[in-house]
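Let me begin by presenting the structure, written as structure tokens, before commenting on it.
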Amino acid sequence: MLVCVPIIVILAFISQARCAVVLGNEVVAVAPDRRVAEAAVEEYFTRLERITGMPVKVKGEIKYRPVWKFGTVAGKEEIQRNLAAKVDCRYEATGIFADGKMIAAVKDAKAAKKVLDTLLHTYDNDGAWKVSFKQKVELKPVEVAGSDLMDPEEAVEYIRFGGTRASTYEIKEGDTLWDIAAAVQLPVDKLLQANPELNPETMQIGQQIKISQTCPLVDVISTYRDTRREEILYRVQERVDDSLYLGERKLVQRGKPGEREVVYNVALENGVEIKRKVLKQKVITEPVPQIIAKGSRKLLAFRGGNSRLAYPTVGAVTSPFGNRHGRLHRGVDIAANYGSPVVAAEAGTVLRAGYRGAYGLCIDISHGGGVVTRYAHLSSAAVKPGQRVERGQFIGRTGSSGNSTGPHLHFEVIVNGEHKNPSLFI
Ligand SMILES: [Zn+2]
């Protein structure tokens, strides 16, 4: 045991051997191992030479020395950052400024113009749209550290995605975490990172969620003229027509949409439409209104009188109520040409409207107080069960359906379930 413990300690100690990057006599950073250290240094100088377009000479020599260090060590970025601070070279460069604030620096004005052109070209629809920056963008000579210099491609990427915009999202009814993530265009894990208290099980309507999205450091405004043909909707006009019976409707003129040519001025911000303004419009064809005739004509009671039923159709009674060939005729037959209008004898509610055996197409209307009227052998019905009708309202047309020898209206009056002679009522 006594021998073992020190060996373990030494082994543990050796396994912690790291690699220090040393410039002159100063330690720049401690890397996990020599491979990481060399790669970071190599990459730093290669990039600097590429961006500045000239060889970079450093005062003093860069050396690698094994050291023992517990705890955290520097990664690639930290090594390069420390190196930039220690090397301390300043470069004459061109700064790109937005609203007075420097957002990127490149080696010269030519590189800067290339950056701006690339940014604008992203949203100019291959030159078809007019583009400009939303912010005041200027180029100025600056002096920067090597680590702050970018090549044009890096500068474009940085300007397009380098900003962050903080906003909030309010949870709506039925929202899931995935709905919200889709709405704000962020992955679910990013959403949870920014809102550690958020729990999908206990989300509340109205709860505010913090959203942090990347955004450009300068915005590109594109504008263009959009000429398009659009439909003009037609109006619907109703016209009262006393040649039609109450409740009857007829299409007099079919509506037709018109057409117009509209010129819009469209503005987009970073490719997203933000404004659309009508510049001018020209009607190519006017719309044709739809005209519908609405019946207003009522059939009046044959014999008048307040308590009387309205006469249900035109024509005379050809077969009365009572015994006919040894059988009870439960109503009256009123002669009428095929298709003559039939109207409700009194205001009421339609009980049934449909085919019923010997009655053929038949409508029953309840008038309250136990009074029901029945209209049989119809060719068409214009009402549905449950529908309210007015006295004199058009309900269908005469025909010869069911057990019938020719077109006529068979009309019944039923009071408390008992058939009455309709002639007493009409
Ligand atoms: Zn009959």
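Structural remarks
- Residue tally, condition surrounded by 15 or more Cβ atoms within 10 Å (Cβ to Cβ) and among the hydroxyl-bearing types (Ser, Thr, Tyr), over region 149-185: 2
- Single residue of region 334-344 satisfying the filter (surrounded by fewer than 16 Cβ atoms within 10 Å (Cβ to Cβ) and not hydroxyl-bearing (Ser, Thr, Tyr)) that is farthest from the ligand (Cβ to nearest atom): Gly339
- Selection from region 135-188 of residues that are more than 21 Å from Thr52 (Cα to Cα) and β-branched (Val, Ile, Thr): Val137, Thr164, Thr168, Ile171, Thr176, Ile180, Val184, Val188
- In the set Val188, Val220, only one residue is at pLDDT 90 or above and either assigned by TED's automatic domain parsing to the domain that holds Phe133 or surrounded by 14 or more Cβ atoms within 10 Å (Cβ to Cβ) (or both); that residue is Val220.
- Residue check, Ala347 within 14 Å of the ligand (Cβ to nearest atom) and on the phi < 0 side of the Ramachandran plot: no
- For region 322-333, the tally of residues that are touching a residue at least 24 places away in the same chain (Cβ under 8 Å) and within 9 Å of the ligand (Cβ to nearest atom) stands at 4.
- Single condition Val87 does not satisfy, out of (1) surrounded by 15 or more Cβ atoms within 10 Å (Cβ to Cβ); (2) at pLDDT 80 or above: (2)
- Residue that is surrounded by the most Cβ atoms within 10 Å (Cβ to Cβ) [pool: residues in region 382-426 that are polar (S, T, N, Q) and within 16 Å of the ligand (Cβ to nearest atom)]: Thr398
- For Ile205, the conditions (1) hydrophobic (A, V, I, L, M, F, W, C); (2) loosely packed, with under 12 Cβ neighbours inside 10 Å; (3) in a strand (DSSP E or B) all hold with the exception of (3).
- Among the residues of region 369-378, those that are away from the ligand (no atom under 16 Å from the Cβ) and either outside any strand (DSSP E or B) or under 52 Å from the mean Cα position of the chain (by Cα) (or both) comprise Gly369, Gly370.
- Residues in region 103-136 that are more than 15 Å from Gly271 (Cβ to Cβ) and in a helix (DSSP H, G or I): Ala109, Lys110, Ala111, Ala112, Lys113, Lys114, Val115, Leu116, Asp117.
- Matching residues, region 345-370, being of a type in the set (Gly, Ala, Ser), surrounded by 19 or more Cβ atoms within 10 Å (Cβ to Cβ) and touching a Leu at 6+ places or on another chain (Cβ under 6 Å): Ala345
- Complete set of residues in region 319-367 that are in a strand (DSSP E or B), over 16 Å from Ser423 (Cα atoms) and hydroxyl-bearing (Ser, Thr, Tyr): Thr349, Tyr355, Ser366
- For region 340-361, the tally of residues that are out of contact with any Phe, Trp or Tyr (no Cβ under 7 Å at 6 or more places or on another chain) and under 19 Å from Gly402 (Cβ atoms) stands at 12.
- Among residues of region 350-368, those that are more than 16 Å from the ligand (Cβ to nearest atom) and aromatic (Phe, Trp, Tyr), counted: 1
- Restricting attention to region 253-268, the residues that are of a type in the set (A, V, I, L, M, F, W, C) and more than 15 Å from Arg228 (Cβ to Cβ) add up to 2.
- Selection status of Ala316, more than 16 Å from the ligand (Cβ to nearest atom) and either exposed (fewer than 15 other Cβ atoms within 10 Å of the Cβ) or modelled with pLDDT of 95 or more (or both): no
The values are calculated or read from the model by the stated rules, or taken from the named source; none is laboratory data. Remember, it's a predicted structure, so these values are computed and weren't measured experimentally. No Cβ is skipped: glycine too gets one built from the backbone with ideal geometry, and neighbour counts run over all protein chains shown.
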